[in-house]
1. Are there any helices in the chain, counted as whole DSSP H runs, that stretch 18 Å or more along their axis by Cα and score at least 1.0 on average by Kyte-Doolittle, and if so which?
2. Measuring with a 1.4 Å probe in the full set of protein chains, what accessible area per residue, in whole Å², belongs to the chain?
3. Cα-based Rg (one decimal) and Dmax (whole number) for region 91-148, in Å?
4. How high is the relative contact order of the chain, in percent, with contacts defined as C-alpha pairs under 8 Å that are six or more residues apart?
5. How about residue 163: which aspartates and glutamates have a C-alpha closer than 18 Å to its C-alpha, ignoring those fewer than 8 places off in the same chain?
6. If packing is taken as the average number of other Cβ atoms within 10 Å across a peptide's residues, how do 141-148, 61-68 rank, most packed first?
7. Tell me, what % of the accessible area of the chain is carbon and sulfur with a 1.4 angstrom probe?
8. Just to be sure I follow: if Rg is taken over the C-alpha atoms of region 94-230 and Rh is the Kirkwood radius over the same atoms, what is Rg/Rh?
Amino acid sequence: MKVLTDLRLLFARKAMETLRNPVFLFMGVFTPIIYLALFAPLLKNLSFGHAHDSNILNMFVPGMLTLVAFSVGLFSGFGIIDELRSGIIERLRVTPASRFSLIGGHIFRDMTAALFQVIFFVLIAIPFGFRPDFFGLLLMFILLMSLCSITSAFGNTVGLLTKTEDHFAPIVHSINLPIMLLSGMLLPLSLAPKWLQVAAHFNPVYYVVEASRHLVRGEITLPIVGYAFAFVIPLAAISLLWASRTVSKAVH
């Protein structure tokens, strides 16, 4: 199919760009490792109640993996703003490539980069004592890549609409912090006051974090896992549709 061929070619172009400058890829891995080495030991004496097991890394690592998947996509708009400024988006006006593949190449590159960072972080965490269930881990990867597709579609679309870093940066930073704090990525929201726990239920990323923690323990049939997929899959479809329509208008 022509769409798949276009998608493969444009993904390969973005992947080559990343491989030529891998510093951002490794920086994305380095930050969670710093948390693993310097923050996770502070949690050893905390009690998280019966909802979490005694292995502190089975609680902490899924939160960090969610942070990686969320951040890789959200800040991807800086790259497409650079392409707008350098005229690449303008030159794409004359290509016969499908409009979905133009944005799909960016999104699949972000998902691949996030998957690389997530797998690398899991491999680093295992010697520290992280003990994930294998099938739960595979399901968590699918969940996290779906989350990354949402944030990547959102980040690239907002980058196309704002066109400058001065407008893009305040928007994504104002979204990033409250979503991160209300998701329980760093600490379970079972430690939070009741009003904060209620507010977290309006944040889709909260379900991803909680589901990821249960998945690494092999609890794949719990309702929270179904809730997470029920939130993420429709949001991914809506985000991709919005991104595709926005890029179609941008190149016409």
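1. 23-38, 56-74, 99-125, 134-162, 223-250
2. Working: 12410 Å² over 252 residues.
I get 49 Å² per residue for the chain.
3. Radius of gyration, then largest Cα-Cα span, for region 91-148: 16.3, 53 Å.
4. 29 percent
5. Counting by Cα, and skipping residues close in sequence, residue 163 has these aspartates and glutamates nearby: 82, 83, 90.
6. 61-68, 141-148
7. Of the solvent-accessible surface of the chain, carbon and sulfur hold 73 percent.
8. Here the Rg-to-Rh quotient is 1.02.
The values are calculated or read from the model by the stated rules, or taken from the named source; none is laboratory data. All of these numbers come straight from a predicted model, not from anything done at the bench. So basically every Cβ, Gly included, is an ideal-geometry build from the backbone, and we count neighbours across all protein chains shown. In case anyone asks, the SASA skips ligands and DNA or RNA and just uses the protein heavy atoms, side chains included. Shrake-Rupley method; radii C 1.70, N 1.55, O 1.52, S 1.80 Å.
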